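To keep things clear, I will list the structure first and then write my remarks on it.
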Amino acid sequence: MENTYQSTKSKYSGTQGTLLVAKNDERIPDFTDDAGSAPINLDQPALIGLTPPFSTRRFPLRPGKTSIGRRDDNDIVLADGSVSSLHAWVIEDNGSYRLMNILSTNGSFVNNERVTEAPLKEGDRIRFGGVELQLHTGISTRKSHAAPRIWVVVGMMGLIGLVALGWFLTR
């Protein structure tokens, strides 16, 4: 009896039908900036769109102050009727971020709480009127926090090993 699963499985599938892709695979679109010209730097802080028509769009944050609003002269332009002409600023100061509501009619929200000014952290959900975005502070920022934890765990395991060895040797 022929296994129908094997015969219908794509040559690009891994175990349990997982799609396998390679770098520069023609089936996967290249990620580019808003202008569509340069590859995206995932280490660069950005706001990621969560609601249509901005879903999955990446809006890079500038060092210092990034203006957000419906008007074309903002750093991040959100062409949506619920977003004010100059809605808010995201301010970066030595790797820390905060949101300031400026002249908005429909308000600014951080994790569904209306704010006039609020500190921001990785993963915070920010809403301007009806447009929701998520803060991404950059990959290298997250990696730098993980390294010390790994060394603490390795050190603790080594210490436990030495204590156990000492215990066995004294018996």
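The values are calculated or read from the model by the stated rules, or taken from the named source; none is laboratory data. Quick caveat, the model's predicted, so the values are computed rather than measured. Using ideal geometry, Cβ is built from the backbone for each residue, glycine included, and neighbour counts are taken over all protein chains shown. Each accessible area value is taken on the protein alone, full model and side chains, heavy atoms only, with ligands, DNA and RNA left out. Shrake-Rupley method; radii C 1.70, N 1.55, O 1.52, S 1.80 Å.
Quick notes on this structure:
- Lone qualifier among GLY123, GLY107, GLY95 - being modelled with pLDDT under 95 and either farther than 23 Å from LEU42 by Cα or crowded, with 18+ Cβ neighbours inside 10 Å (or both): GLY107
Each row is one residue, and each column tells you yes or no for (1) closer than 22 Å to ARG58 by Cβ; (2) assigned to a loop (DSSP other than H, G, I, E, B).
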site: VAL83; (1), (2): yes, yes
site: LEU86; (1), (2): yes, yes
site: LEU99; (1), (2): yes, no
site: LEU103; (1), (2): no, yes
site: ASN106; (1), (2): no, yes
site: ARG114; (1), (2): no, no
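- Listing of strands (runs of 3 or more DSSP E) fully contained in the stretch 40-81 that carry 1 or more residues being within 14 Å of GLN134 (Cα to Cα) and among the small types (Gly, Ala, Ser): 46-49
- Among residues of the stretch 70-92, those that are buried (at least 16 other Cβ atoms within 10 Å of the Cβ), farther than 20 Å from HIS136 by Cβ and small (Gly, Ala, Ser), counted: 2
- Here the condition is being β-branched (Val, Ile, Thr), in contact with a strand residue (DSSP E or B) (Cβ under 8 Å, 6 or more places away or on another chain), open to solvent by 100 Å² or more (accessible area, probe 1.4 Å) and modelled with pLDDT of 50 or more; of THR56, THR66, it holds for THR56 alone.
- Test: residue in the stretch 136-146 that is at pLDDT 85 or above, part of a strand (DSSP E or B) and under 27 Å from PRO63 (Cβ atoms): yes
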